Amino acid sequence: MPDADELTKDAATGNTVGVQFLLSEGVNVNSVNSFGRTAIQVMMMGNAALAHLLLKHGADPNVPDPGTGSTPLHDAARTGFMDTLKLLIDFHADPKVTDNNNLRPVDVARQAGNLDVVEFLNSL
């Protein structure tokens, strides 16, 4: 049976077809890999189609990283991928959540210089 390690590997490498196949084979979208992370936590943030696929299958957009407390929304804000960020918001990612440093996604976007993301998040 395919497992979370395969799912997260495909998500991390942007293999949307592989992710779709594994989900169709019954791999739980929120299962954690051997490093304690889910597919949405390790996915390529610039791949909005992959983000949509995972979210559509019930991926938790508010799952915190076991080490940093960052959520996928923090990662999208940090990297500036607006399409993915908006998808996460559409699927109920919490823009007010803080990481282990007490930073919200808007704070990490500001630190990274992603002013369009800062403006968007401040408008919510």
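Throughout, read-outs are computed from the coordinates displayed, never taken from laboratory work. Since we're looking at a predicted model, the values are computed, not measured. Neighbour counts run over all protein chains shown; Cβ positions are idealised from the backbone, glycine included.
One table, with the values for the structure above:
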quantity: Highest-first arrangement of 109-122, 80-93, where packing means the average Cβ count within 10 Å; calculated: 80-93, 109-122
quantity: Ordering of 10-18, 51-59 by burial proxy (mean other Cβ atoms within 10 Å per residue, highest first); calculated: 51-59, 10-18
quantity: Contour excess over end-to-end distance, with Cα ends at residue 49 and residue 31 and 0.36 nm allotted per residue; calculated: 4.5 nm
quantity: Mean separation of Cα contacts under 8 Å, 6 or more apart, over the residue count of the range 6-80: relative contact order %; calculated: 28 percent
quantity: Segment residue 83-residue 124, length gained on full extension (0.36 nm per residue, minus Cα span); calculated: 13.2 nm
quantity: Relative contact order (%) - criterion: Cα under 8 Å, at least six apart; region: the range 61-124; calculated: 33 percent
quantity: Value of relative contact order over the range 20-121, rounded to a whole percent, pairs C-alpha under 8 Å and six or more apart; calculated: 22 percent
quantity: CD proxy at 222 nm, helix term only [per DSSP H run n ≥ 4: -39500 (n - 2.57); per residue of the chain; nearest 500]; calculated: -14000 deg cm²/dmol
quantity: D (Stokes-Einstein, µm²/s), Kirkwood Cα radius, the range 61-124, 1.002 mPa s at 20 °C; calculated: 193 µm²/s
quantity: Answer label, with percent of Cα pairs over 18 Å apart calculated from the coordinates and candidates (i) 65; (ii) 55; (iii) 47; calculated: (iii)
quantity: Largest-first principal axis extents, alpha carbons of the range 1-60, Å; calculated: 27, 23, 19
quantity: Part-to-part distance (alpha-carbon centres) for the range 47-73 and the range 1-27, which is given in Å; calculated: 14 Å
